[in-house]
Amino acid sequence: MKAVVVLNEQHTLLPDQERVLLEAFESFEVFPVPATGWTRAEMRDAALLLDSSQVSIVFASPLPAMILDLARWNGQAEGEQGMPEPRVFVLHNDRREKKELPGGTVIMTVASEGWQIV
């Protein structure tokens, strides 16, 4: 099945993210999110454009309200028993890397490898 990856237009997929997408799906295309983001109403409109009965949807950019809409609609379409094949996913990475900034401040960032689709 094909996937649609919801991604902020200012971001790019990392090579490891592309690898796991192509391992999980036969192909994918990016559904760009404007750099300025969306209002709640715009998120709902965008969610309506994504037909999760025909494609799998993978969130690479956090849009919690849109994830909620799509997950609810998928659950309603399949009934209370749940879906045998989920169609709404997120890219997830448990790994963090320490980076030292000028001045000695240490921050944690998401690693470039270790991505999974959950």
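The values are calculated or read from the model by the stated rules, or taken from the named source; none is laboratory data. Just so it is clear, the model here is predicted, and its values are computed rather than measured. In this analysis, Cβ positions are derived from the backbone assuming ideal geometry, glycine residues included, and neighbour counts consider all displayed protein chains.
Go through the range 23-38 and give me each residue that's among the aliphatic types (A, V, I, L, M) and either in contact with a Lys or Arg (Cβ under 8 Å, 6 or more places away or on another chain) or not in a loop (DSSP other than H, G, I, E, B) (or both). Talk me through it step by step, then tell me what you get.
Here is the first cut: in the range 23-38, the ones among the aliphatic types (A, V, I, L, M) are 24, 30, 33, 35.
Hits for the range 23-38 are Ala24, Val30, Val33.
When residues in the range 28-53 are screened for being crowded, with 17+ Cβ neighbours inside 10 Å and small (Gly, Ala, Ser), 3 of them pass. Looking across the range 91-112, the residues that are assigned to a loop (DSSP other than H, G, I, E, B) and over 16 Å from the mean Cα position of the chain (by Cα) come down to Arg95, Leu101, Pro102, Gly103, Gly104, Thr105, Ala111. Is it true that Val106 is under 19 Å from Asp16 (Cβ atoms), of a type in the set (Val, Ile, Thr) and at pLDDT 75 or above? No, not satisfied. In the range 39-66, what residues are at pLDDT 85 or above and in a loop (DSSP other than H, G, I, E, B)? If the condition is that a residue be at pLDDT 85 or above and in a loop (DSSP other than H, G, I, E, B), then Ala60 is the only one that fits.
Each residue in the range 89-118 was checked for being touching a residue at least 12 places away in the same chain (Cβ under 8 Å) and either of a type in the set (A, V, I, L, M, F, W, C) or out of contact with any strand residue (DSSP E or B) (no Cβ under 9 Å at 6 or more places or on another chain) (or both), and 11 of them qualify.
Report whether or not Leu13 is modelled with pLDDT of 90 or more, buried (at least 16 other Cβ atoms within 10 Å of the Cβ) and under 17 Å from Ile117 (Cα atoms). Talk me through it step by step, then tell me what you get.
Details: modelled with pLDDT of 90 or more: yes; buried (at least 16 other Cβ atoms within 10 Å of the Cβ): yes; under 17 Å from Ile117 (Cα atoms): yes.
It is true that Leu13 is modelled with pLDDT of 90 or more, buried (at least 16 other Cβ atoms within 10 Å of the Cβ) and under 17 Å from Ile117 (Cα atoms).
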